[in-house]
Ligand SMILES: Nc1ncnc2c1ncn2[C@@H]1O[C@H](COP(=O)(O)OP(=O)(O)OP(=O)(O)O)[C@@H](O)[C@H]1O
Ligand SMILES: [Mg+2]
């Protein structure tokens, strides 16, 4: 390896240097020099003037004349994974799978390769993080299909590319991209330059071999995939595997997908025998929900699928200034906004209280339709009274809360109400919608919803 195979290029001004410095000598910006592999200038190339010999310019082709053979997707036989991918892996595509440590990335990819191998695909598992023996131990837990997967414990990109060329697998998993290093580059594996070059080299090989590659990637503290942003542009899809490690539920969602929708979510549960798909997550979450003060059921949409989750809130007198605002599974800023709107629109003032809001089961809800559930759970926690009718069922609701306290329409109200109806949760409190929906108790404002959720005659009588 020689240090001269790479150079350091400023990401701001393009200045090149032979050694790394904290400040770019060209533009004076800090921390912009990134190690890049030096490329031989093209012989007879066009750089720096006119082409050496006159060549015919390449001709553009109308799209309808482009040769595009229909390709079958490779199904991993993990239905939730296939759904998030948009129907399976596309041959020749490059997918980045991110997730926090220990979430189950290696387990998921190991299971997928085992299934693909059993259905006759050529597969390869490249492990840079664990020895082959460690990978075998995991595969033993996953079953005999996973044990049939060929494994390569390697961290050199050149060696991985050579193996890809020799083996020509249909699907290859690289676990993980942060452990690979490129010959001739001095940066540590996982540095911006290394990750970019490694991913570039693998993509080049994968595209001409038609191999579908899944790159496993680490996730930084703030939840984005570690490494350069360019990696996310380079790949065809970015999947994020999330969940709390202590909880058994994990969700898989697509942040980017060139071959399918990005709104789909897969739900898994970690068990001793590997990850198990949760085909009907609503049933799991609703069965755990109870009619308690500070709890209500949110009819959320995860992509095209309605999902019922329990939103729990706790309000307690505070001893500190400013009071605590702890949000798990929802956006913290959204929580702050709802607390403010509540205080102005018939709800309690929580200025002197610590507030904790949690979406049970370790699920993350990223849609404005969760606002009403958070607001009602907070009001109920503050009063110490359960919501909804006194027949033992928790209250179900959905809707976006505006800054002026109005309830706003959110997409697919009929599907949300129908999903709640499946579990006997009726009526569902939600915003007004153009067509009438059976089972929906529509409200125009947050104040009206608060009143309705509280003032059910059944509760009054029971009290
Ligand atoms: N016998 C078991 N029963 C239940 N769960 C298990 C068992 N063995 C391992 N696990 C779970 O599997 C997780 C590890 O999975 P895996 O190695 O696939 O994660 P990973 O995302 O690849 O982690 P890393 O970032 O370290 O590579 C553990 O955190 C644990 O929750
Ligand atoms: Mg792993």
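Summary table
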quantity	calculated
Hey, residue 168 on the phi > 0 side of the Ramachandran plot and either surrounded by 19 or more Cβ atoms within 10 Å (Cβ to Cβ) or more than 13 Å from ligand 1 (Cβ to nearest atom) (or both) or not	yes
Residues satisfying the stated conditions in the range 379-404, i.e. under 15 Å from residue 452 (Cα atoms) and either assigned to a helix (DSSP H, G or I) or touching a strand residue (DSSP E or B) at 6+ places or on another chain (Cβ under 6 Å) (or both)	379, 380, 383, 387, 394, 395, 396, 397, 398, 399
Meets criteria (touching a residue at least 12 places away in the same chain (Cβ under 8 Å), crowded, with 23+ Cβ neighbours inside 10 Å and either within 16 Å of ligand 1 (Cβ to nearest atom) or part of a helix (DSSP H, G or I) (or both)) for residue 102	no
Condition check for residue 241: over 14 Å from residue 359 (Cα atoms), within 12 Å of ligand 1 (Cβ to nearest atom), buried (at least 16 other Cβ atoms within 10 Å of the Cβ) and in contact (Cβ under 8 Å) with a residue 40 or more places away in the chain	yes
Test: residue in the range 134-152 that is over 27 Å from the mean Cα position of the chain (by Cα), within 22 Å of residue 219 (Cα to Cα) and within 16 Å of ligand 2 (Cβ to nearest atom)	no
Residue 149 in a helix (DSSP H, G or I) and closer than 21 Å to residue 96 by Cα	no
Given (1) modelled with pLDDT of 85 or more; (2) surrounded by 11 or more Cβ atoms within 10 Å (Cβ to Cβ), index of the condition residue 59 fails	(2)
Out of 371, 366, sole residue that is surrounded by fewer than 16 Cβ atoms within 10 Å (Cβ to Cβ), within 33 Å of the chain's Cα centre (by Cα) and farther than 21 Å from residue 316 by Cβ	366
One residue from 179, 163, 155 being under 21 Å from residue 95 (Cβ atoms), surrounded by 18 or more Cβ atoms within 10 Å (Cβ to Cβ), without any contact (Cβ under 8 Å) to a residue 60 or more places away in the chain and within 15 Å of ligand 2 (Cβ to nearest atom)	179
Among (1) within 28 Å of residue 305 (Cα to Cα); (2) at pLDDT 95 or above; (3) away from ligand 2 (no atom under 16 Å from the Cβ) - the single one residue 112 does not satisfy	(3)
Answer residue from the range 127-145, given it is in contact (Cβ under 8 Å) with a residue 40 or more places away in the chain and within 16 Å of residue 107 (Cβ to Cβ) and is farthest from ligand 1 (Cβ to nearest atom) among those	143
Answer residue from the range 248-271, given it is modelled with pLDDT of 85 or more, more than 10 Å from residue 85 (Cβ to Cβ) and more than 16 Å from ligand 2 (Cβ to nearest atom) and is nearest to the chain's Cα centre (by Cα) among those	253
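Every residue, every condition in (1) under 19 Å from the mean Cα position of the chain (by Cα); (2) within 23 Å of residue 200 (Cβ to Cβ); (3) in a loop (DSSP other than H, G, I, E, B), yes or no:
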| site | (1), (2), (3) |
| --- | --- |
| 56 | no, no, yes |
| 67 | no, no, yes |
| 70 | no, no, yes |
| 77 | no, no, yes |
| 82 | yes, no, no |
| 96 | yes, yes, no |
| 106 | yes, no, no |
| 116 | no, no, no |
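The values are calculated or read from the model by the stated rules, or taken from the named source; none is laboratory data. Just so you know, these numbers come straight off a predicted model, no measurement behind them. Cβ: placed from backbone, ideal geometry, glycine included. Neighbour counts: every protein chain shown.
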